[in-house]
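In what follows, a structure is listed as structure tokens, so that the remarks can point back to it.
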Amino acid sequence: MSKPAFSFEFFPAKTEQGHDKLLSTYDELNKLSPAYFSVTYGAGGSTRSRTLDIVHALCARGDTDIAPHMSCIGDDKSEIAELLDLYKGLGIKRLVALRGDLPSGQVGMGELPFAVDLVKFIREHSGDHFHIEVAAYPEMHPQARSFAFDVDNLVNKYQAGANASITQFFYNADSYLYLRDTLEKRGIDTVAKPLVAGIMPITNSSNLIRFADSCGADIPRYVRKQLSDFGDDSKAIREFGFDVVYRLCERLISEGVPAMHFYSMNKVEPNKRLVEALGLTA
């Protein structure tokens, strides 16, 4: 059985100290030979300058592909075209194309209101230069009308020119497998156009639960109960969390997952430990 590819997500640091720490984290995780690193982009481009700063820094620091996130909501075509040209000039070959969230107080959706519009525009503007990845939701986007409607959106993004999709994090492998099977039934070849599993390591109980509740990701009841029972015992939470995520990844690998994208939270551990324990670097 071939080993799945793996990659890591970073978010732009808010401080110079955080920026320096992120570069150090990059150095450590890059030793594992990931396929690429993605860099997030805030609501309505609110972290645009910080995203550009870290993309520049990482491109200069190593040869591993960098995949900036691009969101379209609230931006106009000229701004997005300018950014695409900038990334092309930097040698960027990958993008993560997202609708994004409206920043607080903003009402206009912009010229490209949905991710499918952004994918189409990237293809119109830049042809096949970029490998485009989009978002997928095994447990349904929280704003979707239904699971079927959500799958329609994902299929449309593939048909518009997306090369692959990265899932929201999940802890129930069956939700990923069901979405993959559904895509196949809809005519999407998930070998040629992979469904990449988004993996969120568990290191903190309250942050994880708050994040999951806000984005519609399900935390299994047994996980919530265990995390609650551990209280403030951070070591116990980390060890339990490692076991949960390791077992999830093992199941996904046994089911032929093509790739896993780790939401690193800008930390070396437990991401490094998971990748090594799963034998992905050997």
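Structure notes:
- At full extension, LEU90 and ASN207 could sit 38.6 nm farther apart than now, given 0.36 nm per residue minus the alpha carbon distance.
- Scalar couplings 3J(HN,Hα) for segment 228-241, obtained by applying the Karplus form with A = 6.51, B = -1.76, C = 1.60 to θ = phi - 60°, are 5, 5, 6, x, 9, 7, 5, 5, 5, 4, 5, 5, 5, x Hz; x denotes Gly and Pro.
- Diffusion of segment 128-282 by Stokes-Einstein, at 20 °C in a medium of 1.002 mPa s and with Rh set to the Kirkwood radius over alpha-carbon pairs, works out to 131 µm²/s.
- For segment 148-157, backbone phi angles converted through the Karplus equation (6.51, -1.76, 1.60; θ = phi - 60°) give residue-by-residue couplings of 4, 4, 5, 5, 3, 4, 5, 4, 4, 5 Hz, Gly and Pro being listed as x.
- Theoretical FRET efficiency, 1/(1+(r/R0)^6), r = Cβ-Cβ of SER49 and GLU255, R0 45 Å, to 0.05: 0.65
- Think of segment 5-278 as having a plus end and a minus end, set by charges on the Cβ of Lys, Arg, Asp and Glu; of ALA236, ALA144, HIS56, ALA236 sits farthest toward the positive end of this dipole.
- Taking amide H as placed 1.01 Å from N in the peptide plane, the amide H of ALA135 sits under 5 Å from that of ILE166, each at least 5 places away or on another chain.
- Among SER206, SER71, SER264, the largest mean-square fluctuation in a Gaussian network model of the chain, built with springs joining Cα atoms closer than 10 Å, belongs to SER206.
- Using Cβ point charges alone (K and R +1, D and E -1), the dipole size of segment 5-278 about the Cα centre works out to roughly 200 debye.
- Pairs of Cα atoms nearer than 8 Å and 6+ residues apart set the relative contact order; for the chain it is 21 percent.
- The percentage of C-alpha pairs in segment 133-213 whose separation is greater than 22 Å is 23%.
- The portion of the accessible surface of the chain made up by carbon and sulfur, rounded to a whole percent, is 47 (1.4 Å probe; DNA, RNA and ligands excluded).
- The residues of the chain present an accessible area of 47 Å² per residue when probed at 1.4 Å with all protein chains retained.
- On full extension, the segment bounded by LEU23 and ASP229 gains 70.6 nm, given 0.36 nm per residue less the C-alpha separation.
- With each label modelled as a point 7 angstrom along the Cα→C-beta vector, the ASP243-LYS14 pair spans 3.5 nm.
- Efficiency of FRET from Cβ geometry, ARG123 and ALA236, R₀ 45 Å, rounded to 0.05: 0.40
- Cross-link table LYS77/LYS185; LYS120/LYS193; LYS21/LYS120; LYS93/LYS120; LYS3/LYS185, entries beyond 28 Å C-alpha to C-alpha: LYS77/LYS185; LYS21/LYS120
- Here the Karplus curve 6.51 cos²θ - 1.76 cosθ + 1.60, taken at θ = phi - 60°, turns the phi angles of segment 12-29 into couplings of x, 6, 8, 10, 5, 5, x, 4, 5, 5, 5, 5, 5, 4, 4, 4, 5, 6 Hz, with x standing for Gly and Pro.
- In segment 162-282, Cα pairs under 8 Å separated by at least six residues give a relative contact order of 34 percent.
- Extension gain (nm, one decimal) between ARG61 and ASP174, 0.36 nm per residue minus Cα-Cα: 36.8 nm
The values are calculated or read from the model by the stated rules, or taken from the named source; none is laboratory data. Computed from a predicted model, the values in this text were never measured in an experiment. Glycine also receives a Cβ, built like all others from the backbone with ideal geometry; neighbour counts cover every protein chain displayed. We work out accessible area using only protein heavy atoms, side chains counted, and drop any ligands, DNA or RNA first. Shrake-Rupley method; radii C 1.70, N 1.55, O 1.52, S 1.80 Å.
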